[in-house]
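The values are calculated or read from the model by the stated rules, or taken from the named source; none is laboratory data. These numbers come from a predicted model, not from an experiment. A quick note on method: Cβ atoms are made from the backbone with ideal geometry, for glycine too, and the neighbour counts reach across all protein chains shown. Remember, those area values only see protein heavy atoms, side chains included, never the ligands or the DNA or RNA. Shrake-Rupley method; radii C 1.70, N 1.55, O 1.52, S 1.80 Å.
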Amino acid sequence: MGLVVQKYGGSSVADAEGIKRVAKRIVEAKKNGHQVVVVVSAMGDTTDELIELAEQVSPMPAGREFDMLLTAGERISMALLAMAIKSLGHQAQSFTGSQAGVITDSVHNKARIIDVTPGRIRTSIDEGNIAIVAGFQGVSQEGKNITTLGRGGSDTTAVALAAALDAEVCEIYTDVDGVFTADPRVVKKAKKIDWISFEDMLELAASGSKVLLHRCVEYARRYNIPIHVRSSFSGLRGTWVSNEPRGDQQVEHAIISGVAHDVSEAKITVVGVPDKPGEAAAIFRTIADAEVNIDMVVQNVSAASTGLTDISFTLPKAEGRKAIDALERSKPTIGFESLRYDDQIAKISLVGAGMKTNPGVTAGFFEALSDAGVNIELISTSEIRISVVTRADDVNNAVRAVHSAFGLDSDSDEAVVYGGTGR
Ligand code: ADP
Ligand code: ASP
Ligand code: MG
């Protein structure tokens, strides 16, 4: 029996009962003969609550202190989980990300893992312990400061440890039974997917299906770590994410894998930009220097009479303030007229490797949105994804319409959501 890494999300450990339930499940895996390393998230909505607390104290909290605060959430759950396991008569030790050897770069609030040196974890499990690691955090290689990996980052911790420890599988336990063809909180008729490729999962995750974080899927693909996404509330088999399906994994030969939506982005429009070479470069250099990641970009046709154009782009809402401030500061050198900020948008994406070879997918997508009365504001595509930006109010309606139009609705059981607040 090999080593398994199990990750439990916040809704699985939302209260003392949840922690005890998860402890039993972990002990089962140990009794089955596995070496077990567990990665745990903060309890319930603790991270959101800590963020709100920080905002009450300071409008723009310093990155270093913000990370120090947020990592406290995972330290609470790791210690409680280790205690619960011990009270079931098994040995367990908890470790912070830093103690577990999760080494990152120095970008606070969204650090990247650059190395994992899990010597202490290896020693602990070799001595017969169940090792419990605080997710979502590490220590910077240069400043030795505590960092966090960005929202949902415990998924990445789990896969990174699984790769470093050469685990046979990384199990991600959450509050739904696996990866579905759409968010089960929005589409009750979403279908559970038995197996999905890294490629399709990467696009779904990047498009907002937060059941797995896209960095975690990227990492798993690079190190070829199979992921099993499943519920910590049911005993059901979940969704396997890997390069190739195994014999017992059903592959749906559907053109479309799923519909994803994302309401975490905002749109900035730079109004009245001189239509000449170098302007877009100057705008996006300013944004890049502020360490803000952007997603979709469009430039309107220039109004011939004025020689001016508008450039719009989307970015995480959480970085809106930083981007606006940076652009305002560069206004005199870039030379645009004004900025517009819109955080009432949603992105809806259709994902599937089958669309490469099937004509009509884009047409079908736009028809479904139009039939549902949803207006499209921006469009972007990749080989296996089409995304549009719409009004935030339209999102649920649009996702359901597209899901039905592509024949993804299940005709049997409704998708179950076991816990969580959907925050
Ligand atoms: P955890 O706290 O376990 O990390 P998350 O809230 O981050 O859980 O992720 C699980 C949630 O992801 C589900 O409750 C569901 O609402 C949402 N979700 C979005 N898209 C999908 C999808 N395609 N399949 C399953 N869940 C999805
Ligand atoms: N607790 C962190 C968050 O809420 C990390 C995680 O849950 O993965 O984003
Ligand atoms: Mg998550």
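Observations, loosely collected:
- Excluding ligands, DNA and RNA, the accessible surface per residue across the chain is 44 Å² with a 1.4 Å probe.
- Relative contact order of region 235-381, pairs being alpha-carbon contacts under 8 Å that are 6 or more residues apart, as %: 36 percent
- Apportionment of accessible area to carbon and sulfur, region 379-423, percent (1.4 Å): 42 percent
- Accessible-area value, LYS188, 1.4 Å probe, nucleic acids and ligands omitted, Å²: 90 Å²
- Kirkwood hydrodynamic radius (C-alpha pairs) into Stokes-Einstein, region 119-186, 37 °C and 0.692 mPa s, D in µm²/s: 230 µm²/s
- Of the cross-linked pairs LYS7/LYS30; LYS86/LYS210; LYS7/LYS317, those separated by over 22 Å at the C-alpha level are LYS86/LYS210; LYS7/LYS317.
- For VAL133, distant residues with modelled amide H under 5 Å away: VAL38, VAL39, VAL40, PHE95
- Beta bridges by DSSP in the chain, antiparallel share as percent, to the nearest 5: 60 percent
- At 1.567 mPa s and 4 °C, Stokes diffusion of the chain via Kirkwood alpha-carbon radius, µm² per second: 57 µm²/s
- Top of HIS253, HIS214, HIS261 by mean-square fluctuation, Gaussian network on the chain, Cα under 10 Å: HIS253
- Space enclosed by the convex hull of the alpha-carbon atoms of region 100-245, per residue, Å³: 113 Å³
- Applying the criteria of a DSSP loop state and at most 10 other Cβ atoms within 10 Å to the GluC sites (Glu not before Pro) of region 335-423 yields GLU383.
- For ARG112, residues with placed amide H under 5 Å, excluding near neighbours: ASP105, VAL107
- Mean-position separation - Cα centroids, region 186-265 and region 352-423, in angstrom: 16 Å
- For region 83-165: relative contact order, % (alpha-carbon pairs under 8 angstrom, 6 or more apart): 33 percent
- Region 5-120 - percent of accessible surface contributed by carbon and sulfur, probe 1.4 Å: 54 percent
- Pairs of Cα atoms in region 31-73 fall into 10 Å distance bins, from 0 up to the last occupied one, in shares of 25, 39, 17, 13, 7 percent.
- Rg and Dmax of region 1-157, both derived from C-alpha coordinates alone, stand at 15.4, 50 Å.
- Computed on the chain, with alpha-carbon pairs under 8 angstrom and 6+ residues apart, the relative contact order is 15 percent.
- Region 60-122 - convex hull of alpha carbons, volume per residue in Å³: 75 Å³
- Restricting region 295-402 to chymotrypsin sites (Phe, Trp or Tyr not before Pro) in coil, as DSSP defines it, with at most 14 other Cβ within 10 Å: none
- Spread of Cα-to-Cα distances over 5 Å intervals beginning at zero, given as percent, for region 197-251: 4, 20, 29, 23, 18, 5
- ILE379 accessible area, 1.4 Å probe, all protein chains in place, Å² to nearest 10: 90 Å²
- Surface accessible to a 1.4 Å probe, ASP67 within the full protein complex, Å²: 0 Å²
- One Cα centroid belongs to region 121-170, the other to region 1-79; the line between them spans 12 Å.
- All Cα pairs of region 351-423, percent lying beyond 14 Å: 67 percent
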